[in-house]
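Worksheet: the structure to be examined is printed underneath.
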Amino acid sequence: MVIEKMLNSRLAQWLDERSDIVKLTRAHLTDYPTPKNLNYMWSFGSLAMLVLTIQILSGIFLAMYYKPSAMMTSGGYSVAFDSVERIMRDVNFGWLIRYMHAVGASAFFIVVYMHIGRGIYYGSYKGPRELLWIIGVVILLIMQGTAFFGYLLPWGQMSFWGATVITNLFGALPVIGSFLQELLRGGFAVGDPTLNRFFSLHYLFPLLLAAIVGGHVHALHVVHSNNPTGVDVHEGKGTIPFHPYYTVKDAFGVGVFLILYCYVVFFHPQLGGYFIEVDNYVAADNLQTPSHIAPVWYLTPWYTILRSFENKLLGVIAMGASLAVLFLLPFLDRSKVRSARYRPVFRQMVILFFISVLVLGYCGHSVPTPTLKLIGQLATIYYFAFFFMLPFVHKFEKTRPLPEEI
Amino acid sequence: MKLKQMMAVSFMLGGLFAALPGHASEGHGVALKHADIDVTDQAQIRRGLTVFTELCMGCHSAKYVTYRDLIDYPETSLSREDVDDLRGDKPLIAGMVTDLAPEDAKVSYGKVPPDLSLIVSARRGGADYVYSILTGFEHDPAGHVPDGNFNEYFPGNRIAMPDPLSWLGHDAADTADLEQQALDVSAFLAYISDPHQNERRAIGRYVVGFLILLTLVFYLLKKEIWKDIKH
């Protein structure tokens with residue numbers, strides 16, 4: 001009711017005649033026809049937008065106090081590390097802003113991985129939503145880059161050595177490798193120039209992200225939402241307006257998310273070393289390598305794929321391929337049926353795929369042992385096998401009958 | 001039904017995190033002693049501060065904690081007079097830095113003693129680690145490491161810090177007193193590693209409580225608005 005009143009107000013009409021704002025709001029928000037059977041797995045898209053907003057806002061305030069300089073200060077610390085501690089100790093509610101940002105990074109990946117998993121399980125990547133999916137993969141890559149750049153900024157031991165290990169990978173590439181590595185580092189080793197350029201990129205990438213998320217939502221509204229049955233629903237039958245049905249459902253989802261998020265922010269902001277690693281409370285020291293270097297949890301599945309190969313170049317190629325293959329997913333899967341609900345073989349495959357990613361993540365986070373290495377290699381094999389099998393599954397898979405309507 | 005599914009998913013995720021071995025369990029095998037401390041206990045934190053300034057600060061600093069902070073933080077709230085006694089001729093806004101020069105420390109101990117502002121956050125096991133180290137000095141069973149440099153809980157057992165509480169060979173009558181000093185200073189260090197932690201937890205209760213109520217309202221609203229939709 002309130003929204004109807006606002007959209008019919010004289011101010012809104014005046015704006016509408018000059019900008020289409022009311023028509024756009026009706027078409028894309030209030031009256032936007034949405035399948036009536038979306039389950040709570042569809043909440044993660046709006047949650048991802050919420051976390052992106054939290055990250056950008058908290059990040060803007062952190063940048064007011066943060067100083068990207070590796071210049072040494074007393075006690076073996078640096079200007080950057082000191083400025084983070086000043087935020088934690090002296091800035092009013094600085095601790096809250098920083099913990100929101102640090103926990104938000106992990107929350108962002110949890111939410112986005114759930115969102116991607118939902119897209120794979122219910123076949124949301126399949127035609128006509130291929131471009132929507134591809135834009136989503138671009139978003140994932142930019143997110144991973146943003147997180148990687150951001151993790152260097154506190155200039156702790158894990159920041160420094162994590163960045164050293166990852167930038168080393170680029171050095172393994174033939175011909176352009178060493179050029180690329182020096183370009184990223186701004187020198188021959190990770191140092192002050194690296195910190196400065198990573199800070200600049202860490203500020204740039206989220207703005208790109210916000211723009212591309214706009215494209216993602218636009219592409220969604222052209223092809224419309226998939227739903228758990230994977231059956232196309234057209235305007236009218238089977239759809240309900242986004243407002244109030246999905247605004248209130250998403251509001252409930254946001255509430256549940258915020259309870260969990262705030263619980264972590266206020267009571268376990270390091271989450272036992274998973275969200276902020278213990279070693280990152282030690283100042284960066286280029287003469288002392290930590291006993292165990294691992295990326296933060298959300299990058300560990302890809303780190304395991306990298307470590308599964310004895311040859312460094314092969315590992316780097318496999319890691320790149322494991323992300324690049326996501327772009328091809330819509331074209332590899334030839335089945336006419338979208339949702340795993342009606343595809344018994346695909347359903348088993350995709351559940352095993354999710355398990356393999358979790359196993360990869362676990363292996364990448366742990367201290368390497370021969371057993372874990374073997375388990376990681378098996379999970380790597382399945383990760384790629386999933387994509388190799390996809391083009392052939394529809395040839396022998398007996399799909400269950402689809403419902404006529406939802 | 002849907003709500004149950006979602007709750008099941010969140011429980012599974014929570015269980016996953018709980019089941020994964022934490023960092024604390026990695027490393028050198030010896031189980032740490034549990035430090036039964038209370039970072040909200042002003043008396044304990046003040047006693048720990050005394051141990052810190054009279055003993056630890058001979059070599060160690062806590063540069064992120066200023067003398068001014070000791071007045072301002074409710075967990076210490078020292079009087080101006082007490083702080084003036086502690087700081088001598090150092091400025092009020094100076095961090096608590098040891099008078100031992102890094103060069104001299106290197107000569108005496110072979111390395112510069114680490115700053116302790118963040119030691120509890122920066123070590124696996126946190127306060128348990130600090131407490132265990134302080135009460136972990138023993139004779140080396142193999143007889144290689146000189147007394148005062150052998151510590152049961154230090155990775156590799158050979159520690160540069162020479163037994164600060166004189167734990168090794170203490171009289172049985174002093175055990176309780178030494179343990180109390182180790183506990184108190186562990187509590188102080190745990191507190192200064194994140195000096196707004198008590199405020200954070202206090203605010204957190206209201207935030208999470210409010211969100212639970214708000215979410216309940218959203219849930220009822222959702223049920224009401226959706227009651228005519230068959231899906």
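Residue A:311 is checked against (1) out of contact with any His (no Cβ under 8 Å at 6 or more places or on another chain); (2) free of Cβ contacts under 8 Å to residues at least 12 places away in the same chain; (3) within 14 Å of chain B (Cβ to nearest Cβ) and fails just one. What number does that condition carry?
It fails just one condition, (3).
Need pairs with beta-carbon distance below 6 Å; first residue free of Cβ contacts under 8 Å to residues at least 40 places away in the same chain and within the stretch B:55-80, second of a type in the set (Ser, Thr, Tyr); sequence gap 6+ or separate chains.
These pairs meet every condition: B:70/B:76.
So, of the residues in the stretch A:165-199 that are without any contact (Cβ under 8 Å) to a residue 12 or more places away in the chain and farther than 24 Å from residue A:287 by Cβ, which turns out to be surrounded by the fewest Cβ atoms within 10 Å (Cβ to Cβ)?
A:175
With the condition kept exactly as written, say whether any residue in the stretch A:216-226 is within 13 Å of chain B (Cβ to nearest Cβ), surrounded by 18 or more Cβ atoms within 10 Å (Cβ to Cβ) and on the phi < 0 side of the Ramachandran plot.
no
Residues B:228, B:184: which one is closer than 28 Å to residue A:281 by Cα and more than 8 Å from chain A (Cβ to nearest Cβ)?
Answer to the check: B:184.
Go through the residues of the stretch B:117-131 one by one and say whether even a single one is part of a loop (DSSP other than H, G, I, E, B) and among the β-branched types (Val, Ile, Thr).
yes
Only one residue in A:265, A:248 is out of contact with any Cys (no Cβ under 6 Å at 6 or more places or on another chain), free of Cβ contacts under 8 Å to residues at least 60 places away in the same chain, facing chain B (nearest Cβ under 8 Å) and in a helix (DSSP H, G or I). Which one?
A:248 is the lone residue from the list that is out of contact with any Cys (no Cβ under 6 Å at 6 or more places or on another chain), free of Cβ contacts under 8 Å to residues at least 60 places away in the same chain, facing chain B (nearest Cβ under 8 Å) and in a helix (DSSP H, G or I).
Looking at the stretch B:192-202 only, could you name the residues that are in a helix (DSSP H, G or I) and surrounded by 15 or more Cβ atoms within 10 Å (Cβ to Cβ)?
B:192, B:193, B:197, B:198, B:199, B:200
Tell me the residue from A:22, A:84 that is more than 9 Å from every other protein chain (Cβ to nearest Cβ) and in contact with a Pro (Cβ under 6 Å, 6 or more places away or on another chain), please.
Just one listed residue meets the conditions, A:84.
Regarding residue A:276, is this residue crowded, with 21+ Cβ neighbours inside 10 Å, part of a loop (DSSP other than H, G, I, E, B) and either within 7 Å of another protein chain (Cβ to nearest Cβ) or within 25 Å of the chain's Cα centre (by Cα) (or both)?
Yes.
Looking at A:51, A:2, which is the one that is surrounded by 14 or more Cβ atoms within 10 Å (Cβ to Cβ), at negative phi and either assigned by TED's automatic domain parsing to the domain that holds residue A:202 or at pLDDT below 95 (or both)?
The unique qualifying residue is A:51.
Could you count how many residues in the stretch B:141-169 are touching a Ser or Thr at 6+ places or on another chain (Cβ under 7 Å) and farther than 16 Å from residue B:33 by Cβ?
Count: 0.
Report, by residue number, each residue of the stretch A:55-79 that is surrounded by 17 or more Cβ atoms within 10 Å (Cβ to Cβ), more than 14 Å from chain B (Cβ to nearest Cβ) and assigned to a helix (DSSP H, G or I).
A:55, A:58, A:59, A:61, A:62
Take the stretch A:328-382 and flag every residue that is surrounded by 16 or more Cβ atoms within 10 Å (Cβ to Cβ), within 14 Å of another protein chain (Cβ to nearest Cβ) and within 21 Å of the chain's Cα centre (by Cα).
A:357, A:359, A:360, A:361, A:362, A:363, A:364, A:365
Report, by residue number, each residue of the stretch A:14-26 that is surrounded by 13 or more Cβ atoms within 10 Å (Cβ to Cβ) and over 28 Å from the mean Cα position of the chain (by Cα).
A:15, A:16, A:21, A:22, A:26
Could you please give the count of residues in the stretch A:297-310 that are crowded, with 22+ Cβ neighbours inside 10 Å and in a loop (DSSP other than H, G, I, E, B)?
Total satisfying the criteria: 1.
Among the numbered criteria (1) farther than 20 Å from residue A:148 by Cα; (2) touching a residue at least 60 places away in the same chain (Cβ under 8 Å); (3) hydrophobic (A, V, I, L, M, F, W, C), which single criterion is violated by residue A:112?
Answer for residue A:112: the failing condition is (1).
The values are calculated or read from the model by the stated rules, or taken from the named source; none is laboratory data. These figures come from a predicted structure and were not determined experimentally. Don't worry about glycine lacking a Cβ; one is built from the backbone with ideal geometry, like all the others, and counts go over all protein chains shown.
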